[in-house]
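One structure is given here, and the rest of the page talks about it.
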There are 2 protein chains.
Amino acid sequence: MTNDVLNVIRERSSCKAFADELPEREKLEAIAQAAIQSPSATNKQPWQVIVVTDKALIDEMEAETVRVMGQLPAYKGFYDLITSTGMKLFYNAPCMVVLPIDKKNPYSAYDCGIASQSVCIAAQSLGVASHIIAINEVVFQGDRAEEFKDKLHFPEGYEFGLAVLLGNPAADNAPHTPNPDKITFVD
Amino acid sequence: MTNDVLNVIRERSSCKAFADELPEREKLEAIAQAAIQSPSATNKQPWQVIVVTDKALIDEMEAETVRVMGQLPAYKGFYDLITSTGMKLFYNAPCMVVLPIDKKNPYSAYDCGIASQSVCIAAQSLGVASHIIAINEVVFQGDRAEEFKDKLHFPEGYEFGLAVLLGNPAADNAPHTPNPDKITFVD
């Protein structure tokens, strides 16, 4: 059984190498629309869809993510890997959709996940690659948290949920192999 | 800007009236496949996709949800509404995809949301209506929690995350109106 939608869901993968150029504005707008069309618990829509195309700000977030990781013992291994290899934490993505959420809403993490998959699926349908990330949550645990919330225009009381990197793919990337053991039918 | 995928995302709504008949098996299998093709944090796939087509079990879960709600003060208003109106909590859905998660994984709620939207989008593309629910979480807070985990074949250590009702729509249902104020561009 197949159709365009099932194909797009199957072909989506988490891109690890983005090209420099920003995808067309109308594609980014269509992707943002898909996010706000997502279902949420009792339709509370406890998220904001912040489409960052300011590369300087994305680079500043990347540097701040690495800096704060260096202060947090839990991230020591990953920090050492990043700083020793010069690995690009955000894979050179020219666009990042930040999805802050109202954490007072007990379903906001679920709803944030729902919206982030709408972003990925819509992007994939337009030839735009995606990668959901959470690592930059540490920016909002550091001493410059409020500064970054302001730069990103977080709504009052909202906290970082997830982010989705977007851009044109610079290399082929295979989807993960689905694990059929993850499916159970109870008939 | 439009294509089949963007149309399906836009046209999806949370169905409140399902027809009795079960959608074709191959559609349910395609929907389950879409779920396991979802991205998850470091590809941990901290979910199980449990497709329940046993209507007696779905009805039993519905009755148990209402029973446990009646014991929980936080649900008093909703319980009174359900019991006084005879409202069908699961909207007569012939199928329920239960998504239990590994709550020790700090990203499992996000990942569960991601997978649930894959279910909804795949379903919509096949003409199958959907409705993500969390209300039956109370079943897993009641004194019969372990019994229901067994009946549903929850993997060891997994807890209820979300569920998605599936079936053919018995009535038209409009999508929610997207709120453009939920989108911010930072250029």
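Quick look at the numbers
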| quantity | calculated |
| --- | --- |
| Cleavage-rule hits (trypsin sites (Lys or Arg not before Pro)) in the stretch B:95-187: DSSP loop, at most 13 neighbouring Cβ within 10 angstrom | B:Lys104 |
| Cα-derived Rg to Rh of the stretch A:72-145, Kirkwood definition | 1.01 |
| Buried area at the B-A interface (accessible, heavy atoms, 1.4 Å probe, summed, Å²) | 5900 |
| Of the DSSP H helices in chain B, those whose Cα atoms cover at least 18 Å axially and whose Kyte score averages 1.6 or more | none |
| Farthest positive-ward along the protein assembly as shown dipole, Cα basis, beta-carbon charges - from B:Val128, A:Phe185, A:Val138 | A:Val138 |
| Residues A:Ala17 and B:His153, FRET efficiency given R0 of 25 Å [Cβ-Cβ distance, rounded to 0.05] | 0.05 |
| Within the accessible area of chain B (1.4 Å probe), percent carbon and sulfur | 51 |
| Kirkwood Rh, Cα atoms: Rg over Rh of the protein assembly as shown | 0.97 |
| For the stretch B:146-167 and the stretch A:129-175, distance of Cα centres in Å | 31 |
| Scattering profile of the stretch A:14-57 at q = 0.17, 0.27, 0.29 Å⁻¹ [log10 I(q)/I(0), Debye over alpha-carbon scatterers] | -0.66, -1.08, -1.13 |
| Value of [θ]222 nm, deg cm²/dmol, for chain A, DSSP H segments ≥ 4, -39500 (n - 2.57) each, nearest 500 | -11500 deg cm²/dmol |
| Reciprocal of mean inverse Cα separation for the stretch B:1-149 (Kirkwood radius, Å) | 16.6 |
| Solvent-accessible area per residue for the stretch B:22-81 (1.4 angstrom probe, square angstrom) | 42 |
| Calculated over the stretch A:139-187: convex hull of Cα atoms, volume per residue (Å³) | 224 |
| More than 22 angstrom apart: percent of Cα pairs within the stretch A:1-80 | 53 |
| Within-11-Å neighbourhood charge of B:Lys88 [Cβ basis; K, R +1; D, E -1] | -1 |
| Cα gyration tensor of the stretch B:37-115 - equivalent ellipsoid semi-axes, whole Å, descending | 29, 16, 10 |
| Rounded to whole Hz, the Karplus (6.51, -1.76, 1.60) HN-Hα couplings of the stretch B:13-24, x for glycine and proline | 9, 8, 5, 10, 7, 9, 6, 5, 6, 6, x, 4 |
| B:Asp181-A:Asp4 FRET efficiency (beta carbon distance; Förster radius 30 Å; 0.05 resolution) | 0.45 |
| Where A:Leu22, B:Leu152 fall by accessible area, highest first, once all protein chains stay in place (1.4 Å) | A:Leu22, B:Leu152 |
| Enclosed volume per residue, in Å³, of the convex hull spanned by Cα atoms of the stretch B:82-125 | 106 |
| Compactness index (Cα Rg / 2.2 N^0.38 Å), the stretch B:107-182 | 1.33 |
| Isotropically averaged projected area of the stretch A:31-75, using the convex hull of Cα atoms (one quarter of hull area), nm² | 4.9 |
| Cross-link pairs beyond the 20 Å C-alpha cut-off, checked among A:Lys88/B:Lys44; A:Lys104/B:Lys182; A:Lys16/B:Lys44; A:Lys55/B:Lys44 | A:Lys88/B:Lys44; A:Lys55/B:Lys44 |
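The values are calculated or read from the model by the stated rules, or taken from the named source; none is laboratory data. Everything quoted here is computed from the prediction, not taken from an experiment. Glycine gets a Cβ as well: all are built from the backbone with ideal geometry, and neighbour counts include every protein chain shown. Surface areas here come from the heavy atoms of the whole protein model, side chains and all, with no ligands, DNA or RNA. Shrake-Rupley method; radii C 1.70, N 1.55, O 1.52, S 1.80 Å.
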